[in-house]
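**Q** My questions all concern the structure below.
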Amino acid sequence: MRASVSITAAMKRRAYDYYVHHPSVPVKSIASFLGTSVTTFRRLRRLWAWPPRAEALASAAEAGAPDSDSNSPGGLREAAQSLVAVTRARIDALVAQQRRPDETLDHDRTARTLASYARTLTAAQALLEQEGSSHDVSERKDVAPARSLHDLRDELARHLERIVAEEEARGRDGLLV
């Protein structure tokens with residue numbers, strides 16, 4: 001079952017800004033920001049008629065576009081904070097899904113997904129630190145309580161331990177390979 005991806009016009013504009021004006025931001029990070037895989041991002045890029053990245057970067061450089069401006073509305077800090085907010089929301093949704101007893105779940109896939117989210121949060125934190133700023137949780141507007149990266153890592157560890165214990169209880173070796 002494939003999850004549908006909801007990409008707003010603002011997200012698309014911000015992603016295009018990074019695609020064209022920020023060569024230091026890898027395509028994988030842009031795809032993560034949009035909530036897609038790199039393969040899906042490439043398909044969307046063709047659908048949206050975006051030029052190949054090298055061509056887009058070259059034309060932006062010729063036009064004298066700024067390489068980066070952390071104070072601009074679409075700055076790196078804002079993108080990293082958006083990435084953190086989206087990732088936290090997805091973790092919350094995944095945890096809620098895990099708590100529903102009526103669903104049969106693939107625990108290995110869930111563990112891989114949570115590990116991916118942890119890497120995404122680590123990358124977002126690195127982007128924020130690279131900009132010389134730290135994540136200000138007071139700027140978060142949603143109703144969910146703010147959690148630190150350490151809290152999320154601890155939650156991930158507890159979740160993985162529970163999955164391993166369930167696998168061992170079923171008579172499997174408990175390895176998530």
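The numbers here are math on the coordinates, done by the rules we state, and not lab data. Given the structure is predicted, the values throughout are model-derived calculations rather than measurements. Here the Cβ positions follow ideal geometry from the backbone for every residue, glycine too, while neighbour counts run over all protein chains shown.
**Q** In whole Hz, what ³J(HN,Hα) sequence does the range 162-171 give by Karplus (6.51, -1.76, 1.60; θ = phi - 60°), x for Gly and Pro?
**A** 5, 5, 4, 4, 5, 5, 5, 5, 7, x
**Q** Can you tell me how much longer the chain between Glu168 and Arg112 gets when fully stretched, taken as 0.36 nm per residue apart minus their C-alpha distance, in nm with one decimal?
**A** Working it through step by step, the gained length comes to 18.4 nm.
**Q** How many percent of Cα pairs in the range 1-64 exceed 15 Å?
**A** 49 percent
**Q** Now a separate question. So if R0 is 45 Å, what FRET efficiency would Ser148 and Arg53 give, r being the distance between their Cβ atoms, rounded to the nearest 0.05?
**A** Efficiency, from the Cβ-Cβ distance: 0.85.
**Q** Calculate, for Lys28 and Ala93, the FRET efficiency according to 1/(1 + (r/R0)^6) with r their C-beta to C-beta distance and R0 22 Å; round to the nearest 0.05.
**A** The calculated FRET efficiency here is 0.50.
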